[in-house]
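Below is one structure; the comments refer to it alone.
Derivation of every value follows stated rules applied to the coordinates shown; laboratory data play no part. No experiment lies behind these values; they were computed from the predicted model shown. For neighbour counting, all protein chains shown are included, and Cβ atoms are generated from backbone atoms with ideal geometry for every residue, glycine included.
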């Protein structure tokens, strides 16, 4: 999952095993002494190894050279050298480094965080606005530890093949190159048979979470504006308020199409991109002049609000088989139940493959449930979806 108040965990993640041959090393860079001290304590309590703390990006870079961390928790706003400037230098030193940006919920910080994802950060997390909020927020603690666990595990194994064996940082890469994906073992799954005599899609449905902002943008750009103008595009990306509005602006710039947060009772139009607002569920209802968006403040579904399942289940009722659906990278299993409703209605569901996913949780769940008719790398998903939308062979 991604990104703070949009996701509401109800339990703490399991701690890192202290018997692992390659404990996850974490570097904390934040200008607040309270945040550094508190997060360092959480890291230790979860069984991870603290590589150090830094009050600015310059100190963080110096500590990286000495301690080769697996995960860096990087604040955006710091004196002397801020997180945005430090990020590409960190990735140049260690291309497989897993950097999670931390920022408060402001429009400016949301915009910066999304740009950092394009530069190679793997995720971001929204910090409470005050030190008191950081101290008392169980949600922030749980989400932070979960990110360290997920992103650090593969990096730690790759960095230290055996206990006690030191390994130097990787050779430098171009400053703006995204972090290279970590190799992942293939997970077995069964594909769902393709439907013959397909119904022409009347909507493109997208569900995503961790790693999703970059994946969604790349995929939509790959599909192309000409095909996207044929259908409304509805996206549920696990994000908090403010971030979803900025995410929509980024998609509009990238695709050349109108993109915005969905509004209650808004009628769907082809060629528009509708992003579920952070903190609210976005679904659909049949209106007198066509399908309309419905927004609700109901309880989290799969620990998430907005939840992919809410949109997908409504779409199965409103559109039946006339959908094209894709599940992209993300933690958890949100979207699986909705994908089942869509396939039961006769619609095709595609999933991102394990190798190109930041986290193969959501797409992996759909694939293992036998609900995906294709599990493809991100570029091939764009080609396959374009073919579904236009009715032309891929």
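What is the range 204-390 by shape, rounded, prolate or oblate, if you read a ≥ b ≥ c off the alpha carbon gyration tensor as root eigenvalues and call it rounded for a/c under 1.5, prolate for a/b larger than b/c, and oblate otherwise?
Values: a/c = 1.18, a/b = 1.12, b/c = 1.06.
It comes out rounded by the Cα gyration axes.
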Consider just the alpha-carbon atoms of the range 4-159 and return their Rg together with their Dmax, both in angstrom. 14.2, 42
Residue order, fewest to most surrounding Cβ atoms within 10 angstrom, among 138, 266: 138, 266
In degrees, nearest ten, helix 378-390 long axis to first principal axis of the chain (Cα): 10
Arrange the following residues from fewest to most other Cβ atoms within 10 Å of their Cβ: 263, 194. 194, 263
Using alpha-carbon coordinates, inclination of helix 243-255 to the longest axis of the chain, degrees: 70
Which of (i) 5, 19, 24, 21, 18, 10, 3, 1, 0; (ii) 4, 20, 29, 24, 13, 7, 2, 0; (iii) 5, 24, 33, 23, 12, 3, 0 gives P(r) over Cα pairs in 10 Å bins from 0, in percent as computed here? It is (iii)
Starting with the highest mean, order 302-314, 350-362, 274-286 by the number of other Cβ atoms within 10 Å, averaged over the residues of each peptide. 302-314, 350-362, 274-286
Given labels modelled 7 Å from the Cα in the Cβ direction, how far is it in nm from residue 264 to residue 289? 1.9
What is the list of residues in the range 244-272 whose amide nitrogen lies under 14 Å from a point 7 angstrom out from the Cα of residue 221, following Cα to Cβ? 250-257
Under a point spin-label approximation (7 Å from Cα along Cα-to-Cβ), what is the residue 138-residue 45 distance to one decimal in nm? 1.2
Give the calculated FRET efficiency between residue 187 and residue 130 to the nearest 0.05, with a Förster radius of 56 Å applied to their Cβ-Cβ distance. 0.85
Roughly what angle does helix 138-159 make with the longest principal axis of the chain, taking Cα atoms, 0 to 90 degrees, to the nearest 10? 80
